[in-house]
2 protein chains.
Amino acid sequence: MALIVQKFGGSSVADADKIRNVARIITETYRRGHSVLAVLSAQGDTTDDLIEKSREINRNPSRREMDMLLSTGEQISIALCAMAIERMGYQAISLTGWQAGMLTDSSYSSARIKRIRTERIRKELDKKKIVLVAGFQGINKYDDITTLGRGGSDTSAVALAAALQADLCQIYTDVDGVYTADPRTVQGARKLEEITFDEMLELASLGAQVLHNRSVEMAKRYNVNLEVLSSFTGNPGTKVKEVVKTMEKMHVSGVAKDKNIARLALVGLEDRPGIAFKIFSLLGKRNVNVDLILQSIGRNGSKDISFTVALPDAQLAKEVMEENREAIGFQSVELNENVAKVSIVGAGLAHNAGVASKMFEALYNAGININMISTSEIKVSVLVDERDAERAVQAIHDRFFSEFGNG
Amino acid sequence: MALIVQKFGGSSVADADKIRNVARIITETYRRGHSVLAVLSAQGDTTDDLIEKSREINRNPSRREMDMLLSTGEQISIALCAMAIERMGYQAISLTGWQAGMLTDSSYSSARIKRIRTERIRKELDKKKIVLVAGFQGINKYDDITTLGRGGSDTSAVALAAALQADLCQIYTDVDGVYTADPRTVQGARKLEEITFDEMLELASLGAQVLHNRSVEMAKRYNVNLEVLSSFTGNPGTKVKEVVKTMEKMHVSGVAKDKNIARLALVGLEDRPGIAFKIFSLLGKRNVNVDLILQSIGRNGSKDISFTVALPDAQLAKEVMEENREAIGFQSVELNENVAKVSIVGAGLAHNAGVASKMFEALYNAGININMISTSEIKVSVLVDERDAERAVQAIHDRFFSEFGNG
């Protein structure tokens, strides 16, 4: 007699057969005696098709009208899914974002949920109906339609689960769950039964995106029980929780790589206090986020600072540095776009010094050079040459997850 | 400084070029100093495509979910048209049915407008914005989306014009206006400058559908100035009014045919009082509407009754009669589906006996046999063989509208 929120992404509702499959998953859950609220994305390419339609007319439309346009995609999905459920003999009702009471701020195309008025949903659940809510959308205080931006439907689902105090929030996707590494490229990658919110956040930020970070952050804040699973295989998925049982036993949850970064090095910096702060506040003003940072003693008493930024920001970061060469006081800035970040993530890492050295050892044995190192409570990242990235992930994964090497 | 409501149908917004054309018509009206509210239908085949999607999933979906699905079509149109207007440098805002305050009853798929809350529209018009409203849709008291059924966007436009006391309601379509006969099949058919509401209603019910009857009835009730015109040619259209200037001069406004009917004849009825009432109340209970009725003295003191029904109702009407043969008391029922109704419509007909005889004369000269005759204040209809229908329309049209014959 639990309340279960289920979210189905665009590939899960791409055509009539897939919608029927989703309806089957929902009704099976319902038949086990649960209340079910499902959040749906737009079908397959619908959103891209709508964007293409708009580009034929105006390549720079107002974001309000764009949200008006795009929100139709999810509305089509929920109506069709309701029809599929009706066809199976169950009662369903579809609700758009505004009907479901999803109140957001007014940042069209990247709105944040402020509050959910749950009365309507509760009323329909009380009537024993299966409730289908359009993901990705809400309304602002002007009664205008907003969308939540990328990964928005995950956020809709987690927010609804939090507001309704649901017992479980299942995110159905086209992968089986969260793996120790990308199963498409790493041999021996294994599915995790459980993972903590923090590990999940680190993995997503490392480019192993399964869930959008906004939704994981929200799940962590409101302690929503999350589960990531496939809408196609019927296999058990990965549970995302605050604390997981297997934490003591296995220190490393996963290995991830991120090639979408670049490294900048400021060479010959004068050794003045506050210089690092100055650099990063100049970048922050231009919305450039800095990730790894390495400060080292250079030649002749000067020092060097290296840092990584997202690849699309690299040229801008370089320009910002050059514009401020005088103010910062350095000799030259070097940009290297052929780097990759490889990381291990695990809840117990900080309390187990052996883990990091085991990672470095694996890289050393594979002959891979480490450029930079960064560690946090639950993560160890190294910067390597881009061409070494795949080998690095496999070597580290083998070291931690091969049958004899798992430490 | 007038307020003008403009309605554009599905063929007028079918693709990006046509949407740009609509945006041009709207902004030209706006540039002349008017406030403009435009009501749009779904693009070209969008509604049919959505219906097809639903049929793949459920051939008998609930009408609530069907309305949820179909209402996305108009939402796409208004968003795209707003973008096109923005592109031309004007401020536009699109509003769905619920945002525009279109409150309806709960008859999903054929809802009736109950009231329009115009606050939001007025606010946007006051800000000098061009307002685009999704036609065909509204919400009921449960905050659920409803659609108005066929011709619904015309009704939306007229209702908005009435609620806002607009100075003019222009219905843009793919024809130039209202013609004296179907210009695709009748030689010499002429566009009317003006026509009365009543004539328009008769013409629509006769199968010369340009405007949906619901919208004309509403325009008549609230005395909305209507104009039917083409979104493609830029020609002046036809004005639909309560009283038209040319009424005294020309008695006949148009000639129309309707092949979508069938004739039933009950032969050998006992001559009892109230028998006609019995027949038509039996049909009424099964939602079969009767159009022309002819009662005649038959053989041996019995009588015959003939009547016409819409073609799709013909078999049902015959079954209803046969089921009640005893109660009604007749010998046989005959069904003829190969008939057509040809009518002339004109505001002054009832006061000008010569008009009807001129029509019969034209048919006699063309060698066309008349089965049944029916007259009203503004209409004379005759039933002819289906294969004579086109010739009948042309002969009547020639008689009234050829250069020398116009009476």
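Values computed for the structure shown
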| read-out | value |
| --- | --- |
| Residue count for the stretch A:149-171, restricted to those that are more than 22 Å from A:A82 (Cα to Cα) and modelled with pLDDT of 95 or more | 4 |
| Scope the stretch B:27-51; condition over 16 Å from B:Y172 (Cα atoms) and within 25 Å of the chain's Cα centre (by Cα); matching residues | B:D45, B:T46, B:T47, B:D48, B:D49, B:L50, B:I51 |
| Identity of the residue in the stretch A:237-259, modelled with pLDDT of 90 or more and assigned to a loop (DSSP other than H, G, I, E, B), that ends up surrounded by the most Cβ atoms within 10 Å (Cβ to Cβ) | A:G237 |
| Tally of residues being more than 8 Å from every other protein chain (Cβ to nearest Cβ), of a type outside the set (A, V, I, L, M) and either buried (at least 24 other Cβ atoms within 10 Å of the Cβ) or closer than 15 Å to B:S54 by Cα (or both) across the stretch A:74-94 | 3 |
| Of all residues making up the stretch B:171-195, the number that are more than 30 Å from B:V36 (Cα to Cα), within 18 Å of the chain's Cα centre (by Cα) and polar (S, T, N, Q) | 1 |
| Residue pairs meeting the criteria (Cβ under 6 Å; at least 6 apart or on separate chains; first under 16 Å from B:R20 (Cβ atoms) and within 8 Å of chain B (Cβ to nearest Cβ), in the stretch A:55-67; second of a type outside the set (A, V, I, L, M) and surrounded by fewer than 19 Cβ atoms within 10 Å (Cβ to Cβ)) | A:N58/B:R87 |
| Lone unmet requirement of (1) outside any helix (DSSP H, G or I); (2) over 25 Å from the mean Cα position of the chain (by Cα); (3) acidic (D, E) for A:E65 | (1) |
| Answer residue from the stretch B:107-148, given it is modelled with pLDDT of 95 or more and polar (S, T, N, Q) and is farthest from B:Q6 (Cα to Cα) among those | B:N140 |
| Residue count, the stretch B:187-240 (criterion: over 27 Å from B:E390 (Cα atoms) and touching a Phe, Trp or Tyr at 6+ places or on another chain (Cβ under 7 Å)) | 3 |
| Residue match in the stretch B:346-367 (condition: among the hydrophobic types (A, V, I, L, M, F, W, C), under 18 Å from B:D291 (Cα atoms), crowded, with 18+ Cβ neighbours inside 10 Å and modelled with pLDDT of 85 or more) | no |
| Check on B:I51, facing chain A (nearest Cβ under 8 Å), assigned to a helix (DSSP H, G or I) and β-branched (V, I, T) | no |
| Residues of the stretch B:1-47 satisfying the condition of being within 14 Å of chain A (Cβ to nearest Cβ), in a helix (DSSP H, G or I) and not hydrophobic (A, V, I, L, M, F, W, C) | B:D17, B:K18, B:R20, B:N21, B:R24, B:T27, B:T46, B:T47 |
| Residue count for the stretch B:115-159, restricted to those that are buried (at least 24 other Cβ atoms within 10 Å of the Cβ), away from chain A (no Cβ under 11 Å) and in a strand (DSSP E or B) | 7 |
| Residue count for the stretch B:213-232, restricted to those that are assigned to a helix (DSSP H, G or I) and aliphatic (A, V, I, L, M) | 3 |
| Matching entry among A:I19, A:I26 (being closer than 20 Å to A:G177 by Cα, β-branched (V, I, T) and either without any contact (Cβ under 8 Å) to a residue 24 or more places away in the chain or buried (at least 24 other Cβ atoms within 10 Å of the Cβ) (or both)) | A:I26 |
| Conditions (1) crowded, with 24+ Cβ neighbours inside 10 Å; (2) at pLDDT below 95: number failed by B:T104 | (2) |
| B:L292 at negative phi, under 28 Å from the mean Cα position of the chain (by Cα) and surrounded by fewer than 16 Cβ atoms within 10 Å (Cβ to Cβ) | no |
| Within the stretch A:55-75, tally of residues that are touching a Gly at 6+ places or on another chain (Cβ under 8 Å) and of a type in the set (D, E) | 1 |
| Out of B:S71, B:S106, sole residue that is in contact with a strand residue (DSSP E or B) (Cβ under 8 Å, 6 or more places away or on another chain), more than 10 Å from chain A (Cβ to nearest Cβ) and not in a strand (DSSP E or B) | B:S106 |
| Residue check, A:A366 touching a residue at least 12 places away in the same chain (Cβ under 8 Å) and over 17 Å from A:I261 (Cβ atoms) | yes |
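Quick grid of which residues meet (1) in contact (Cβ under 8 Å) with a residue 40 or more places away in the chain; (2) over 27 Å from B:L69 (Cβ atoms):
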site: A:G138; (1), (2): yes, no
site: A:D167; (1), (2): yes, yes
site: A:I171; (1), (2): yes, no
site: A:V178; (1), (2): yes, yes
site: A:T196; (1), (2): yes, yes
site: A:E199; (1), (2): yes, yes
site: A:A204; (1), (2): no, yes
site: A:E217; (1), (2): no, yes
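The values are calculated or read from the model by the stated rules, or taken from the named source; none is laboratory data. As the structure is a prediction and not an experimental result, all values here were calculated from the model. As a convention, Cβ positions derive from the backbone with ideal geometry for all residues, glycine included, and neighbour counts pool all protein chains shown.
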